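The values are calculated or read from the model by the stated rules, or taken from the named source; none is laboratory data. A quick note: this is a predicted structure, and the numbers were derived from the prediction, not measured. Here the Cβ is made from the backbone with ideal geometry for all residues, glycine too, and neighbour counts use every protein chain on show.
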2 protein chains.
Amino acid sequence: MPVDQLSTTFAALADPTRRAILARLTSGEASVTELAGPFEMSLPAVSKHLKVLERAGLIARGREAQWRPCRLQAGPLKDADEWLERYRRFWEESFDRLDEYLGEIQKQEKKPGRNTFQKKEDQNGRSK
Amino acid sequence: MPVDQLSTTFAALADPTRRAILARLTSGEASVTELAGPFEMSLPAVSKHLKVLERAGLIARGREAQWRPCRLQAGPLKDADEWLERYRRFWEESFDRLDEYLGEIQKQEKKPGRNTFQKKEDQNGRSK
């Protein structure tokens with residue numbers, strides 16, 4: 001039962017349809033019918049996803065009764081990005097280690113008479 | 001039922017305890033007992049969170065039966081960050097608009113005889 005804003009944001013993003021809706025809204029506001037277009041999904045099902053996005057503050061909807069265009073509100077995404085920011089150095093470190101490993105592999109391959117394929121397989125778990 | 005990796009990552013991040021566990025692991029690997037320390041939570045409850053993080057590939061656990069230290073794996077966070085990257089210009093635009101709006105307010109405040117508080121309230125919905 002997430003109640004904090006960041007949990008609500010991440011929960012709203014944890015669905016490919018909802019992410020596709022946000023992606024569509026980057027090119028401008030759209031009605032529910034327009035948003036439903038690319039999905040094999042009923043309008044009520046799309047409306048349900050829109051409600052999740054609206055509650056998370058990721059979209060806002062117009063006030064007009066018939067045509068209630070949805071538009072992207074990126075504020076909560078900024079907070080999610082700031083949270084991830086703190087972890088950047090960790091994935092950069094992982095890629096440095098992978099580079100190092102690939103460098104080692106290349107050195108091994110240059111040595112004659114080594115079974116480099118076997119070596120690669122042994123370390124596969126570590127390198128992922 | 002999210003099945004794609006990105007949905008699994010965001011779902012795993014949609015919980016304050018799991019984010020706190022990841023934050024703790026930025027300072028080095030830790031056992032379940034060590035991770036449970038700061039939370040008013042049973043070991044099984046913490047273990048459940050660790051399983052979600054492990055399935056999402058956000059942590060890896062040592063093989064030793066008794067002491068199975070958890071360590072951070074930041075790869076999936078990189079993918080989440082890349083997804084968010086595409087929305088950066090939208091929150092930057094929002095802040096530009098907010099700057100513009102605040103600039104306007106300041107100009108209005110310099111004009112004598114205007115009720116700036118009323119003006120601020122009218123536009124409040126737009127500026128958020």
- Note on the structure: In region A:1-28, residues that are closer than 12 Å to A:V52 by Cα, more than 9 Å from chain B (Cβ to nearest Cβ) and either polar (S, T, N, Q) or surrounded by fewer than 19 Cβ atoms within 10 Å (Cβ to Cβ) (or both) total 1
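Each row is one residue, and each column tells you yes or no for (1) among the small types (G, A, S); (2) at the interface with chain A (Cβ under 10 Å from one of its Cβ atoms); (3) exposed (fewer than 14 other Cβ atoms within 10 Å of the Cβ).
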site: B:A30; (1), (2), (3): yes, no, no
site: B:S42; (1), (2), (3): yes, no, yes
site: B:V52; (1), (2), (3): no, no, no
site: B:D81; (1), (2), (3): no, yes, no
- Can you tell me which residues in region B:27-60 are hydroxyl-bearing (S, T, Y) and under 20 Å from the mean Cα position of the chain (by Cα)? B:S27
- Could you check region A:1-106 for helices (runs of 4 or more DSSP H) lying wholly inside it with 2 or more residues that are within 27 Å of B:S27 (Cα to Cα) and not basic (K, R)? A:5-13, A:75-85
- Task: Name, by its number, the condition in (1) out of contact with any Lys or Arg (no Cβ under 8 Å at 6 or more places or on another chain); (2) more than 13 Å from every other protein chain (Cβ to nearest Cβ); (3) modelled with pLDDT under 90 that does not hold for B:P38.
- Result: (1)
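Conditions (1) closer than 21 Å to B:F90 by Cβ; (2) small (G, A, S), marked per residue:
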{"position": "A:Q5", "(1), (2)": "yes, no"}
{"position": "A:T8", "(1), (2)": "yes, no"}
{"position": "A:L13", "(1), (2)": "yes, no"}
{"position": "A:A45", "(1), (2)": "no, yes"}
{"position": "A:K78", "(1), (2)": "yes, no"}
{"position": "A:W83", "(1), (2)": "yes, no"}
{"position": "A:E100", "(1), (2)": "no, no"}
{"position": "A:E104", "(1), (2)": "no, no"}
